[in-house]
Amino acid sequence: MTTDKMTETQKLEKLVSMFAETMRKKLLKKMHAGFGGWADTTDSAVAENLHEKLKVCVEKYLKNGERKQLVDIANLAAFLWFHEYDKENELIGRCPHCGKDVNSNGG
């Protein structure tokens, strides 16, 4: 049973690693093409725009079943997750481990 769980764990780790790498490549490609602005958590229009793009991507996937849409859906979902996370944790400008303001001068 432990071997089965390890195998399942390894499969999950491989899945996440492969999918995250695919997401990363697509994000970098879009970034180098001039896309950006997703991290602005001070402008509610950014999150609204991301939400609308996510809705369109999901509808497109459900209609056409194009596998590449799944990566777009995941990336948009990650952006939206970040917006919600930042609201709760004020991630921008803070160390994700200790919460210290990384923009402050001094120790």
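Would you mind counting up the charge near E21? Only other residues with Cβ under 13 Å from its Cβ, with Lys and Arg at +1 and Asp and Glu at -1. The partial results should precede the final answer.
Values: positive: K14, R24, K25, K26, K29; negative: E13.
Every neighbour counted, the sum reads +4.
For D40, no residue whose modelled amide H falls within less than 5 Å of its own remains once neighbours fewer than 5 places apart on the same chain are excluded. Given axes a ≥ b ≥ c from the Cα gyration tensor, I'd like to know whether region 6-58 is rounded (a/c under 1.5), prolate (a/b larger than b/c) or oblate. Since a/c reaches 1.5 and a/b is larger than b/c, the shape of region 6-58 is classed as prolate.
Let me check I've understood the local charge: for A77, count other residues with C-beta under 14 angstrom from its C-beta, Lys and Arg +1, Asp and Glu -1. What total comes out? If you can, show how the numbers build up before the last one.
Values: positive: K26, K53, K55; negative: E52, D72, E84.
Once all neighbours under 14 Å are counted, the net charge is 0.
Here the label points at E66 and K14, each 7 Å from Cα along the C-beta direction, are separated by 2.9 nm in the simple model.
Laboratory data are not the source of any read-out in this text; all were calculated from the coordinates shown. Bear in mind the structure is a predicted one, so any value in this text is a computation, not a measurement. Methodologically, a virtual Cβ is constructed for each residue, glycine included, from the backbone with ideal geometry; neighbour enumeration extends over all protein chains shown.
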